[in-house]
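Here the structure comes first, spelled out in structure tokens, and everything after it is commentary.
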Amino acid sequence: MRLDSRDPRSLAGIGFKPGYFEALMQEPVRPGFLEVHAENFMVAGGPALEMLDALAARWPLSIHGVGLSIGGVQRPDKTHLKRLRRLLERYHPALFSEHLAWSGHDGIFFNDLLPITYDMLSLLRVCAHVDEIQAFLGRRLLLENPSSYVEFSHSTWSEADFLREITRRTGCGLLLDINNLYVSGTNHGRDPQGMLREMPLDTVGQIHLAGFAVERDADGGRLLIDTHGAAVADDVWALYRLAINMIGAKPTLIERDENLPTLPVLVAESGLAAGVMQAAAETRLGREPARREALQT
Amino acid sequence: MNHAEFSASLCDPARPVPSGLRVRAGASLEQRFAIHRNNTLVRLVDALGDTYPVVQTLVGESFFRALGREFVRQHPPASPVLTLYGAEFTRFVRGHEAAAALPYLGDVAELEWLRQACLHAANARPLSVETLATCAQDPGRLATTRWHLHPSVGILQSRHPVVSLWTAHQHAGAEAIVYALQAIDHSRGESALVIRADWDVLVLPVSAPEAMFVAGLVAGRTIPEAAADAQAHAVSLDLPTVLAMLMQLGAFVEPVLPSELDA
């Protein structure tokens, strides 16, 4: 099922959890689309796939991978790519994404999104992996900017420049995770607004919003942990409004993996994103009377 | 960055933080890197806890977390598909000192693993009543056919009351669980048949000869062969009853094509 890019409500989605299934099938309050983690559905059979079949018949899907380890030394695992291809062929999701990170090495999967150096060697490796993935799967990938806690002394590029160069060389798009941007910016003492403006915004295919936990650094400064365990923070909403005003409406997902709220609460939060997109669209129309007239006739 | 060095530090907190990392002035590199060490361990132990909830309740959460961390260090996942992570946990539990205090722990773990494997096993089409009836009327065919059982079928034979232990933990509320646990007779063993029914995983208590018989069918024996094996160990296999139960559960299925299994 495709997304309707003219309707902001249909562009605001939520992360699916099995606990939401019953409510989703009955609920009058409906999210615009659903995102699932690819790896949770790489099973031989049973209820997981049947559940997703039922959801796919009613909603556009976003399939979000966490296991390709694009920033790893090894080439993407062929077995895993085949599993992914089978899933994409079964569901034809409206959106498909992975991370600018690595998650495994030498036959061990760490189940964490680990940071990479932003230098030429790393750029060439990531681009080769993205090329291989896109060729094998026969579709464009959206690559997500990471949340980070440590950086590398040898990095010679900013994250934004690094991502722009990847999108330019491989043709992949950006999954702009505004919470990650805010978390990384805060943790590394940078201005998240400035970081946002530097991103390759013309390539954004989807946006992620989520909540974080606040800890303290050794000097008492705020240390943000990307937990997906809380409501989206006000500062992140402010960045989101800024982004939408710059690039217009984009499929936007509220990610929630811990402290799951009830479905109506989560859908209401996604409704806030729809509201931001609606307001931005009206402001744009207000600025362009000719276009508004054209739309009315 | 050296991925190998980073990985080694990630897995072993006794190692120093990998070289070449930096954090902003005033922040602690140790503390920041610990976030990654913690993420890896916590999420993998969480995944283990999702598969082994009864084991977790039996040993208590804090002991389970410690046990889980030890297991994750010894058996890290090779695949990013974590739905079937922790296959070696049963053997690990049996070899662990915790098993000495709770001798049934390993068998409970095995039952929970069978449930997880059952949940995600391949689909298969049960044989129609007509097919089964036709076979039943043809003694020659019934005797020589090697039946295919549903890929979700699992069998556990235990010296401990493993089904009662597992079932007790399905009650809501700690009080109800304790009450059910107190009623269990630990002197007798139990066997379980695990199979998927629609979207549920059933854990059905079966007799030891029934378990032996079904295990024989799973291993590819014919009905007479499996029945003979079961009866060699115990006299009381009620063959018509167990066959009727298997048919009712849709356990006899059409052959599953290899391409469907290859997930």
Item to check | Degrees, to the nearest 10: B:61-74 long Cα axis against longest axis of chain B | outcome: 90
Checklist entry - Given charges of +1 on the Cβ of Lys and Arg and -1 on the Cβ of Asp and Glu, with all other atoms neutral, how large is the dipole of chain B about its Cα centre, in debye to the nearest 20? => result 940
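Compare the peptides B:167-176, A:168-177, A:273-282 by average per-residue count of other Cβ atoms within 10 angstrom and give them in order, highest first. Intermediate results must be reported in sequence, preceding the final value.
Details: B:167-176: 12.7, A:168-177: 21.4, A:273-282: 18.4.
In decreasing order of mean packing, B:167-176, A:168-177, A:273-282 become A:168-177, A:273-282, B:167-176.
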Checklist outcome for this item: In nm, the gap between the two label points placed 7 Å beyond Cα toward Cβ at B:HIS233 and A:TRP157 is 6.1
Item to check | Cα gyration tensor shape of region B:111-263, rounded if a/c is under 1.5, else prolate or oblate by comparing a/b with b/c | outcome: oblate
Checklist entry - Which of B:GLY60, B:PHE6, B:ASN39 sits farthest toward the positive end of the charge dipole of region B:1-102, with +1 on the Cβ of Lys and Arg and -1 on the Cβ of Asp and Glu? => result B:PHE6
Checklist entry - On average, how many beta carbons from a partner chain sit within 10 Å of the beta carbon of a residue in B:4-12? => result 3
Checklist outcome for this item: Given the candidates A:LEU272, A:PRO261, A:HIS188, the one whose Cα lies deepest towards the positive end of the charge dipole of chain A, counting +1 at each Lys or Arg C-beta and -1 at each Asp or Glu C-beta, is A:LEU272
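Sorted by average packing, counted as other Cβ atoms within 10 angstrom per residue and highest first, what order do B:71-79, B:149-157 take? Walk me through the numbers before you get to the answer.
Details: B:71-79: 16.8, B:149-157: 22.7.
Those peptides, ordered most packed to least, come out B:149-157, B:71-79.
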Checklist entry - Per-residue mean of other chain beta-carbon atoms within 10 angstrom of the beta-carbon, peptide B:17-23? => result 5
Item to check | Label-point gap, in nm, between B:ALA244 and B:ALA8 - each point 7 angstrom along Cα→Cβ | outcome: 6.6
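Which whole-number percent gives the relative contact order of region B:1-80, counting Cα pairs below 8 Å spaced six or more residues apart?
Computed over region B:1-80, the figure is 22 percent.
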Checklist outcome for this item: To the nearest 0.05, the calculated FRET efficiency linking A:ALA238 and A:ARG216 through their beta-carbon distance, R0 being 22 Å, is 0.45
Checklist entry - Is region A:143-297 rounded, prolate or oblate when judged by the Cα gyration tensor, a ≥ b ≥ c being the square roots of its eigenvalues, rounded requiring a/c under 1.5 and prolate requiring a/b larger than b/c? => result oblate
Checklist entry - If you line up the long axis of helix B:29-51 against the longest principal axis of chain B, both from Cα atoms, how many degrees apart are they, to the nearest 10? => result 10
Checklist outcome for this item: Partner lysines whose C-alpha sits under 26 Å from that of A:LYS17, ignoring same-chain residues fewer than 8 away, are A:LYS82, A:LYS250
Checklist outcome for this item: Within 10 Å of the Cβ of an average residue in B:79-90, the count of other chain Cβ atoms is 5
Checklist entry - How much length is gained if the chain between B:ALA197 and B:ALA174 is pulled fully straight, taking 0.36 nm per residue apart and subtracting their Cα-Cα distance, in nm to one decimal? => result 5.5 nm
Item to check | Check: region A:1-155 dipole with +1 on Lys, Arg Cβ and -1 on Asp, Glu Cβ, in debye | outcome: 500
Next on the checklist: With n ≥ 4 as the cut-off for DSSP H runs, can you work out [θ] at 222 nm for chain B, using -39500 (n - 2.57) per run divided by the number of residues, rounded to the nearest 500?
Outcome noted: -16000 deg cm²/dmol
Checklist entry - With point charges of +1 on the Cβ of Lys and Arg and -1 on the Cβ of Asp and Glu, referenced to the Cα centre of region B:111-263, which listed residue (B:TYR179, B:MET245, B:ALA197) lies farthest in the positive direction of the dipole? => result B:MET245
Checklist entry - Among A:126-138, B:13-25, A:96-108, what's the highest-first ranking by average C-beta atoms within 10 angstrom per residue? => result A:96-108, A:126-138, B:13-25
Checklist entry - Which helices of chain A meet both criteria: a Cα extent of 18 Å or more along the helical axis and a mean Kyte-Doolittle score no lower than 0.0, with helices taken as whole DSSP H segments? => result A:120-137, A:234-247, A:263-287
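Every number here is computed from the coordinates shown, using simple stated rules; none is lab data. What you see is a predicted model; the values in this text were computed from it and never measured. Cβ: placed from backbone, ideal geometry, glycine included. Neighbour counts: every protein chain shown.
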